[in-house]
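I have placed the structure first, in the form of structure tokens, so that the comments after it can refer back to it.
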Amino acid sequence: SFKEKSKMIEINATIIVERSSQKMIVIGKNGNMIKSIGTDARREMKRFLEKPVSLELFVRVENNWRSKQKYLKEFGYKIDDYKK
């Protein structure tokens, strides 16, 4: 979700992975990796949007999402590029 307020932008985003092991990699030990991802992303968005950004990240496992047209379309991929 994306909510623009007068002094700040609030963003909730979900990172989709295919396996639980990938989820643990993205989260990292003691949450250090997801914290680093969030810090870097927030810094870049603040620079781009020219406003402070509140960013909340989630990681979700969606088995085989890359082979499901529904998810490819939802995530903005051109489905024809993945048909073989």
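The values are calculated or read from the model by the stated rules, or taken from the named source; none is laboratory data. Quantities reported herein were computed from a predicted structural model and do not represent experimental measurements. Glycine also receives a Cβ, built like all others from the backbone with ideal geometry; neighbour counts cover every protein chain displayed. Remember, those area values only see protein heavy atoms, side chains included, never the ligands or the DNA or RNA. Shrake-Rupley method; radii C 1.70, N 1.55, O 1.52, S 1.80 Å.
Where a Cα-Cα gap under 28 Å defines reach, which lysines qualify for residue 29, not counting those fewer than 8 residues away within the same chain?
46
Can you compute 3J(HN,Hα) from phi for each residue in the range 13-18, using the Karplus curve 6.51 cos²θ - 1.76 cosθ + 1.60 with θ = phi - 60°, rounded to whole Hz and x for Gly and Pro?
Each residue of the range 13-18 in turn: 10, 10, 9, 9, 10, 8 Hz.
Report the relative contact order of the chain, percent, no decimals, based on alpha-carbon pairs under 8 angstrom and at least 6 residues apart. Please report the intermediate quantities before stating the final value.
On the way: 94 pairs, mean separation 29.9, N = 84.
This gives 36 percent for the chain.
Using a 1.4 Å probe on the protein heavy atoms, what percent of the accessible area of the chain belongs to carbon and sulfur?
On the way: 3450 of 6750 Å².
Carbon and sulfur: 51 percent of the exposed surface of the chain.
What does the charge count around residue 45 come to, taking other residues whose C-beta lies under 13 Å from its C-beta (Lys +1, Arg +1, Asp -1, Glu -1)? Intermediate values should be presented prior to the final figure.
On the way: positive: 42, 43, 46, 47, 51; negative: 4, 10, 40, 44, 50, 56.
Residues near residue 45 contribute -1 overall.
Pop out the ³J(HN,Hα) list for the range 62-71 in order, Karplus 6.51 cos²θ - 1.76 cosθ + 1.60 with θ = phi - 60°, rounded to Hz; leave Gly and Pro as x.
Coupling constants for the range 62-71: 10, 3, 6, 4, 5, 9, 10, 4, 4, 6 Hz.
How long are the semi-axes of the ellipsoid equivalent to the chain, from square roots of 5 times the Cα gyration tensor eigenvalues, in whole Å, largest first?
Details: eigenvalues 143, 71, 19 Å².
Sorted largest first and rounded, they come to 27, 19, 10 Å.
Note down the net charge around residue 29, summing +1 for each Lys or Arg and -1 for each Asp or Glu among other residues with Cβ under 15 Å from its Cβ.
On the way: positive: 23, 35; negative: none.
Net charge around residue 29: +2.
Counting only heavy atoms of protein chains, what accessible area per residue, in Å², does the chain have with a probe of 1.4 Å?
Details: 6750 Å² over 84 residues.
Roughly 80 Å² per residue, with all protein chains present.
Along the range 24-36, what does the Karplus equation 6.51 cos²θ - 1.76 cosθ + 1.60 (θ = phi - 60°) give for ³J(HN,Hα), rounded to whole Hz, x for Gly and Pro?
5, 5, 5, 6, x, 5, 6, x, 5, 6, 5, 5, 5
Which lysines have a Cα less than 16 Å from the Cα of residue 23, not counting those fewer than 8 places away in the same chain?
Counting by Cα, and skipping residues close in sequence, residue 23 has these lysines nearby: 35.
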